[in-house]
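One structure is given below, encoded as structure tokens.
Coordinate-derived values only; no laboratory data. Small disclaimer: the values here were computed from a predicted structure and weren't measured. Backbone-built Cβ (ideal geometry, glycine too); neighbour counts: all protein chains shown.
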Amino acid sequence: MVQSLADVRKPESPAELAWLEAHWMPFTANRQFKAAPRLFTHAAGAYYTDAQGRKVFDGLSGLWCTGLGHGREEIVQAVSRQIQTLDYAPAFQFGHPLSFELANRIVGHMPAGLDHVMFAGGSGSDAVDTALKIARAYWRVRGQGGKTRLIGRAQGYHGVNFGGISVGGIVGNRKLFGQGIEAAHLADLQPPAGSFFRGAPEEHGVELANSLVSLIKIHDASNIAAVIVEPFAGSAGVIIPPRGYLARLREICTEHDILLIFDEVITGFGRCGAWTGAEAFGVTPDLMTFAKQSTNGTQPLSGCVVKKDVYDTFMAAGAQEYLLELPHGYTYSAHPVACAAGLATFELLERDHAPERVRELAPYFEKAVHGLRGARHVADIRNYGLAAGFTLEPVPGEPARRPFEVAMAMFNKGFYVRYGGATVQLAPPFVSTPAEIDRLIDALGETFNHTD
Ligand code: PXG
């Protein structure tokens with residue numbers, strides 16, 4: 001049990017301490033980590049093995065990306081074969097067959113109408129900035145170049161690039177970086193503490209979506225390119241839109257000629273108990289980003305799926321055929337090894353019936369997580385599919401402290417969970433068993449109750 005920072009494992013030796021210095025770790029409290037490192041060395045199924053040889057349950061599927069479990073043989077083989085066959089092919093003006101095969105496979109799981117895939121550099125952040133750039137360029141090509149403003153949502157997370165942090169709405173990720181690009185933000189969807197909604201809240205969906213109408217009144221639709229939202233917000237602590245919210249956003253966007261982008265980096269390919277969040281919530285955007293689960297975390301692969309009308313607009317723009325239609329792409333767009341991992345992943349997602357599996361397990365998971373209502377410090381619990389967020393009452397002046405202490409104590413007990421802001425988040429692998437979910441939730445409840 002971690003009672004204080006001092007209980008977190010100490011580094012082996014002064015040499016280890018020095019060795020840890022060279023890597024400036026991302027989104028990490030470097031000083032704390034390097035005083036008490038948490039290193040994983042192996043992974044199989046739903047478990048990591050840490051540097052001390054302990055098995056650790058993967059309560060967040062890596063970073064929301066390894067739903068099928070680690071070390072899936074078919075993916076390992078596909079990646080290995082591809083590296084030996086074609087390790088790289090130029091992404092611009094030349095290609096390789098796997099990206100076309102994968103694009104077709106992805107389109108096959110999209111809601112009707114989303115049918116062209118622009119692969120991005122591998123990260124969700126690249127996928128988001130790709131979508132935002134396509135949205136602006138789309139209006140420009142159509143002779144409406146004034147439509148440049150982008151609308152995100154308070155508490156939204158869209159990665160770390162300049163476009164993404166501009167539309168993003170988590171202040172901690174924005175405040176250090178100065179002027180972004182023109183953006184405005186919808187009201188957040190955080191339910192009041194003590195709501196304990198199961199799945200999507202029933203009320204206020206239309207009302208909350210109407211905050212877009214207010215923004216249009218301020219900025220005018222003639223200046224707005226797109227609205228971008230996560231179907232449910234992951235990073236902010238699993239926040240689920242109320243019923244009717246996304247449908248109303250869709251309606252307003254259509255009415256005002258504004259593109260609607262769903263950022264499905266977390267919600268895509270199984271987590272919601274459907275192939276996409278769009279499918280789960282029954283609303284089709286004009287553009288959709290994807291990343292994480294597309295290779296089961298094994299290779300960086302990301303992209304943006306767009307409607308035919310968007311693709312056709314660029315194809316019909318009128319320049320000579322030998323000229324490119326969109327000056328955008330990455331050296332590693334649709335990297336052949338990542339595509340091989342992607343194809344093997346889709347094969348497994350289909351064969352394992354991953355979305356159905358999540359849908360079947362979700363009610364069990366929901367009951368388990370809400371069983372922690374009443375545990376010490378728990379101010380709210382939210383869930384959707386195989387994702388859950390717990391808001392903890394803050395230590396005065398230090399809202400992020402308790403979730404950190406909980407995550408460290410969980411790690412000591414053999415469970416990896418995510419902590420951020422005032423929340424603890426769970427996103428267990430799709431392959432988790434009910435018994436594993438029970439163990440995870442029991443450990444979390446015990447940890448809440450023993451945390452000061
Ligand atoms: N959009 C969304 C909706 C995301 O969740 C990104 C974009 C950026 O993806 P990259 O690959 O650039 O990191 C994300 C990433 C967490 C957590 O625990 C969430 C993300 C990443 C790391 C941790 O909440 N989301």
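Observations, loosely collected:
- Using alpha-carbon coordinates, inclination of helix 336-351 to the longest axis of the chain, degrees: 70
- For region 74-351: relative contact order, % (alpha-carbon pairs under 8 angstrom, 6 or more apart): 30
- Rg/Rg_ref, the chain, where Rg_ref = 2.2 N^0.38 Å and atoms are Cα: 0.98
- Karplus-derived HN-Hα couplings along region 105-115 (A = 6.51, B = -1.76, C = 1.60, θ = phi - 60°), whole Hz, x at Gly and Pro: 5, 5, 4, x, 10, 8, x, 3, x, 8, 9
- Nearby lysines by direct alpha-carbon distance to residue 307 (threshold 19 angstrom, same-chain neighbours under 8 apart not counted): 133, 147
- Volume of the Cα convex hull of region 57-120, divided per residue and given in Å³: 130
- Taking packing as the residue-averaged number of other Cβ atoms within 10 angstrom, the listed peptides 202-215, 132-145, 317-330 run from highest to lowest as 132-145, 202-215, 317-330.
- For 170, 261, 181, 165, order by how many other beta-carbon atoms lie within 10 Å, fewest first: 181, 170, 165, 261
- In this structure, the amide hydrogen of residue 395, modeled 1.01 Å from its nitrogen in the peptide plane, lies closer than 5 angstrom to those of 401, 402, counting only residues at least 5 positions away or on a different chain.
- Between helix 73-85 and the chain there is an angle of about 50 degrees, using the helix long axis and the longest principal axis of the Cα atoms.
- FRET efficiency, residue 433 to residue 220 (Cβ-Cβ, R0 56 Å, nearest 0.05): 0.60
- Gain in span if fully extended, residue 331 to residue 35, counting 0.36 nm per residue against the direct Cα distance: 102.9 nm
- In a fully extended conformation the segment linking residue 176 and residue 364 would gain 63.6 nm over its present Cα-Cα distance, using 0.36 nm per residue.
- Reducing region 408-447 and region 59-110 to their Cα centroids gives an inter-centroid distance of 28 Å.
- Cα gyration tensor, region 410-449 - rounded (a/c under 1.5), prolate or oblate: oblate
- Averaging Cα coordinates gives a centre for region 139-181 and one for region 332-350; these two points are 29 Å apart.
- Mean Cβ neighbour count within 10 Å, used as a protection proxy, ranking 33-45, 218-230, 264-276 highest first: 264-276, 218-230, 33-45
- Amide H contacts of residue 418 (H built 1.01 Å from N, under 5 Å, at least 5 apart or other chain): 425
- Projecting label points 7 angstrom from Cα along Cα→Cβ for residue 393 and residue 251 puts them 4.0 nm apart.
- Estimated 222 nm signal from helices in the chain, with DSSP H stretches of n ≥ 4 weighted -39500 (n - 2.57), rounded to 500: -11000 deg cm²/dmol
- For residue 43, residues with placed amide H under 5 Å, excluding near neighbours: 49
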